[in-house]
1. Quick check on packing: order 6-13, 74-81 by the mean number of other C-beta atoms within 10 Å, highest mean leading.
2. Based on the mean of other beta carbon atoms within 10 Å per residue, what is the order of 20-28, 56-64, most packed first?
3. Show me, for region 71-80, the HN-Hα J-couplings you get by feeding each phi into the Karplus relation (A = 6.51, B = -1.76, C = 1.60, θ = phi - 60°), rounded to Hz, glycine and proline as x.
4. Please give the Cα centre distance for region 9-59 versus region 65-89, rounded to the nearest Å.
5. Taking the Cα centre of region 4-121 as origin and charging only Cβ (+1 Lys, Arg; -1 Asp, Glu), how large is the dipole, in debye to the nearest 20?
6. Starting at the first residue of region 20-25, write each ³J(HN,Hα) from the Karplus equation 6.51 cos²θ - 1.76 cosθ + 1.60 with θ = phi - 60°, in whole Hz, x for Gly and Pro.
7. Search the structure for amide H atoms under 5 Å from the amide H of W51, placed 1.01 Å from N in the peptide plane, and list their residues when 5 or more places away or on another chain.
8. If you line up the long axis of helix 109-121 against the longest principal axis of the chain, both from Cα atoms, how many degrees apart are they, to the nearest 10?
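What follows draws every value from the coordinates through simple rules; no lab data is involved. It should be emphasised that the depicted structure is a prediction, and the values quoted were computed from it without experimental measurement. In this analysis, Cβ positions are derived from the backbone assuming ideal geometry, glycine residues included, and neighbour counts consider all displayed protein chains.
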Amino acid sequence: MLTTIQKERLSVLIADLRANPELQGKDTLRPTEDTFCCLGRACNIYNPDLWQFREVSYGFLDREDTLPSEVREWYGFPRECGLEGEDFLSTKSVEDYSLTFLNDEGFTFPMIADIIQYWRDNN
């Protein structure tokens, strides 16, 4: 179960994703200075000062494409990829529908926000 503070943090992330669809990027947490994947937005809310430019994109703490454990625990996400299909779909379709996969396959930030909101409201 999520704590009250984790639900509040998720609410901030949900609002951010809905308010900033133009910032969406793919393939890494932060592919460019001005774009993020959905989990990159989560990292940026956690602490925008922890980004480091690496060879071709930005890294956050020790990660470039999944959530660092500190960020995952701060929000209450059960997995490095945030959520997987089994966390929010009745079909229990594991990794095929992780937040990272959905982001990279064209789900918009507002669509991903809806998934996170559904999961938050049911945990």
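1. Highest-to-lowest ranking by the protection proxy: 74-81, 6-13.
2. Highest to lowest by the protection proxy: 56-64, 20-28.
3. 6, 4, 5, 4, 8, x, 5, x, 9, 4
4. Between the Cα centres of region 9-59 and region 65-89 lies a distance of 15 Å.
5. So the magnitude is around 320 debye.
6. So the J values, rounded to whole Hz, are 10, x, 6, 8, 6, x.
7. none
8. That works out to roughly 40 degrees.
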